[in-house]
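Notes follow the structure.
The values are calculated or read from the model by the stated rules, or taken from the named source; none is laboratory data. What you are looking at is a predicted structure, and each value in this text was computed from that prediction instead of being measured. Positions of Cβ are generated from backbone atoms using ideal geometry, with glycine treated the same way; all protein chains shown enter the neighbour counts. For accessibility, only protein heavy atoms count, side chains too; no ligands or nucleic acids. Shrake-Rupley method; radii C 1.70, N 1.55, O 1.52, S 1.80 Å.
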Amino acid sequence: MARFYTILAIIGAAVAFTEACTSSSGRTPSWDLSDNSEIYPTYDPGTGAVGGGYEIRFRRGADETAERVFNLIDRAGDGCIDVSEWTTEGGSVINFAEFLNADDQNGDEKISWDEFPKANKANKA
């Protein structure tokens, strides 16, 4: 019976340690420093180097409008988002192609302001 309680205690400690060492991003082990930053250990098996990483997660505020987001992505200011502007903001080409298939109504391979709110509403639904 003592062996059972010992194993149970070890499992409980492992679960508690894992929970304590998981940040809001889900990376284990890592520790939140604030709502939008965390630190985590790193290891490169190729060189055997041990180090640490630091990540800052930028989040757009909930009060930003679709128009403001559209204008941030539309770097050229031409009223359309093209693939180069999309990838500059961190989007993938494959993701943009899916975006075009679903929302590019006029077939110009760009997302205009008129097409953007439709995509924005679909993503929120």
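Details
- Among the helices (runs of 4 or more DSSP H) confined to region 15-104, the ones with at least 1 residues that are at pLDDT below 80 and under 20 Å from the mean Cα position of the chain (by Cα) are located at 66-73, 93-103.
- Contact annotation: residue pairs with Cβ atoms under 7 Å, 6 or more positions apart or on different chains, pairing a residue in region 91-111 that is closer than 17 Å to residue 73 by Cα with a partner that is among the aromatic types (Phe, Trp, Tyr) and open to solvent by less than 60 Å² (accessible area, probe 1.4 Å), are 96/86; 111/99.
- Residue pairs meeting the criteria (Cβ under 7 Å; at least 6 apart or on separate chains; first under 15 Å from residue 114 (Cα atoms), in region 65-88; second among the aliphatic types (A, V, I, L, M) and in a helix (DSSP H, G or I)): 81/73
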